[in-house]
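These notes concern the structure reproduced below.
The values are calculated or read from the model by the stated rules, or taken from the named source; none is laboratory data. All of these numbers come straight from a predicted model, not from anything done at the bench. Cβ atoms come from the backbone with ideal geometry, glycine included; neighbour counts cover every protein chain shown. The area values use the complete protein model at the heavy-atom level, side chains included, leaving out ligands, DNA and RNA. Shrake-Rupley method; radii C 1.70, N 1.55, O 1.52, S 1.80 Å.
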Amino acid sequence: MLHPSLAGLLAERLWAEEPERAAATVLRVAAHEHARAAAGESGALPRLAALVRDPGLRAGLGPTTLTRHYADRWRAGDADVVRQALERRYPAVWAVVAPWLGEGARVVRRADGRPVAVVAALALEPAGAVGGARARLVAPVVEHARRQGCAERAVLSAVQLTFDDVGEPEVAWLRNAAGLAQCGVGNPRSDHANLVGDLPEERAVLEAYGYAEVPDLRREVDGVPVTTWVADVGPGGLAGLLYAAVVAEQGRPAAPGGDRLLAALETFPTAGEQVRAWVRSRVDDVLAAEPALHDLVVRRYLTAGATHESVMRSTYLSRATYFRRLRRVRDLLAAVD
């Protein structure tokens with residue numbers, strides 16, 4: 001592992017002197033990080049995003065420290081500063097978002113430590129268990145996602161607000177990166193974002209990144225308008241979107257491989273019976289000589305309600321061993337014609 005500054009200089013030199021070798025290296029690394037991210041490995045998604053040239057796709061997936069701001073946990077003295085800032089810019093919003101601001105929130109700060117933005121995010125499924133005053137912002141979103149069948153691998157930003165340094169793009173990027181890291185979903189498929197106050201500047205950011213408002217979720221909480229916006233990138237998840245961008249940017253055709261099989265695995269519980277039968281048959285054929293790997297696929301993907309954590313517990317595997325085997329499984333299945 002090279003220091004990022006040294007890696008950047010080496011990459012620039014390689015692109016200048018040996019562009020074909022540089023492109024091949026980027027594709028090789030991207031394929032590796034894509035496999036890790038698709039398997040749910042923490043930290044692989046930001047590394048994959050760093051290989052994308054398009055700044056719009058990288059936004060919110062990069063480092064949590066930039067030139068003038070950095071992401072941080074909530075601290076005891078933040079409440080007074082945030083409350084004053086919100087009441088000055090957005091009257092009445094504080095009372096609605098206050099239940100979400102505390103130990104579970106993340107803050108973007110200026111270099112001097114002053115908060116300029118906050119985010120409180122979590123995976124959508126656990127959001128269904130949230131009660132009390134906090135449920136007012138998440139319960140309708142969870143119910144809607146479940147009705148639409150899009151609660152799996154979904155993340156939810158209950159609150160995301162920028163109240164100072166609004167015109168600086170890196171504030172939104174850092175806030176989004178902190179929120180995604182907070183959710184703990186390795187390869188999310190969809191993102192649900194609440195706009196408390198339905199602020200025009202926040203709308204503009206979401207529209208620019210391809211989010212669409214859900215009209216049925218327009219509502220008021222204590223007299224404050226709240227809208228919810230959703231972006232769904234498909235079964236391949238955010239990792240698939242980023243990997244496809246890297247491949248396209250390097251001018252190489254995407255390898256068909258076992259993409260269809262891997263996508264069907266991800267959506268196995270909701271797929272039709274014919275698709276499920278085809279998946280079982282292909283998995284049995286490909287992993288016939290790998291009983292341990294076959295068992296892992298059955299436990300994780302073909303068993304209803306299974307999660308990475310539950311399979312790790314039931315197989316007594318360490319996290320490192322579990323994800324190493326899962327990457328091996330995905331490599332074998334990706335090679336299917």
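Only residues that are touching a residue at least 40 places away in the same chain (Cβ under 8 Å), open to solvent by less than 20 Å² (accessible area, probe 1.4 Å) and either basic (Lys, Arg) or more than 17 Å from Arg68 (Cβ to Cβ) (or both) were counted across the range 101-112, and they come to 2.
The residue that is least open to solvent (accessible area, probe 1.4 Å), counting only those in the range 2-48 that are assigned to a loop (DSSP other than H, G, I, E, B) and farther than 26 Å from Gly179 by Cβ, is Glu18.
When Ala245, Ala154, Ala193, Ala145 are screened for being touching a Leu at 6+ places or on another chain (Cβ under 6 Å), open to solvent by less than 20 Å² (accessible area, probe 1.4 Å) and under 30 Å from Ala79 (Cα atoms), only Ala154 passes. Number of residues in the range 291-336 that are of a type in the set (Asp, Glu) and either open to solvent by less than 70 Å² (accessible area, probe 1.4 Å) or in contact (Cβ under 8 Å) with a residue 24 or more places away in the chain (or both) equals 2. Can you name every residue in the range 64-89 that is of a type in the set (Ser, Thr, Tyr), touching a Leu at 6+ places or on another chain (Cβ under 9 Å) and either at pLDDT 95 or above or part of a loop (DSSP other than H, G, I, E, B) (or both)? Once the filter is applied, which keeps residues that are of a type in the set (Ser, Thr, Tyr), touching a Leu at 6+ places or on another chain (Cβ under 9 Å) and either at pLDDT 95 or above or part of a loop (DSSP other than H, G, I, E, B) (or both), the range 64-89 yields only Thr64. Pairs meeting the criteria (first residue in the range 233-252 and among the hydroxyl-bearing types (Ser, Thr, Tyr), second residue open to solvent by 30 Å² or more (accessible area, probe 1.4 Å) and part of a loop (DSSP other than H, G, I, E, B), beta carbons under 9 Å, at least 6 apart or on different chains) are Tyr243/Leu51; Tyr243/Gly236; Tyr243/Ala254. When Thr303, Thr307, Thr270, Thr315 are checked against the criterion of being in contact with a Gly (Cβ under 8 Å, 6 or more places away or on another chain) and of a type outside the set (A, V, I, L, M, F, W, C), Thr270 stands alone in meeting it.
Where helices (runs of 4 or more DSSP H) sit wholly within the range 113-220, those with at least 2 residues that are of a type outside the set (Val, Ile, Thr) and either touching a residue at least 40 places away in the same chain (Cβ under 8 Å) or in contact with a Cys (Cβ under 8 Å, 6 or more places away or on another chain) (or both) occupy 135-148, 169-183, 200-208. All of (1) touching a strand residue (DSSP E or B) at 6+ places or on another chain (Cβ under 7 Å); (2) more than 23 Å from Ala50 (Cα to Cα) hold for Glu143 with one exception: (1).
Highlighted here are the helices (runs of 4 or more DSSP H) found entirely within the range 230-337 that include at least 1 residues which are aromatic (Phe, Trp, Tyr) and either more than 20 Å from Ala30 (Cα to Cα) or under 26 Å from the mean Cα position of the chain (by Cα) (or both): 237-249, 273-286, 319-334. Based on what the data block shows, is Val171 at pLDDT 90 or above, out of contact with any Leu (no Cβ under 6 Å at 6 or more places or on another chain), surrounded by 20 or more Cβ atoms within 10 Å (Cβ to Cβ) and closer than 29 Å to Gly234 by Cβ? The answer is no for Val171. Scan the range 204-229 for residues that are farther than 22 Å from Gly149 by Cβ and either under 19 Å from the mean Cα position of the chain (by Cα) or at pLDDT 85 or above (or both) and the total you get is 12.
Could you please let me know if Ala92 is of a type in the set (Gly, Ala, Ser), touching a helix residue (DSSP H, G or I) at 6+ places or on another chain (Cβ under 6 Å) and either at pLDDT below 90 or open to solvent by 20 Å² or more (accessible area, probe 1.4 Å) (or both)? Criteria not met by Ala92.
Report yes if some residue within the range 196-208 is closer than 28 Å to Leu302 by Cα and either among the hydrophobic types (A, V, I, L, M, F, W, C) or crowded, with 17+ Cβ neighbours inside 10 Å (or both); otherwise report no. For the range 196-208, residues closer than 28 Å to Leu302 by Cα and either among the hydrophobic types (A, V, I, L, M, F, W, C) or crowded, with 17+ Cβ neighbours inside 10 Å (or both): absent.
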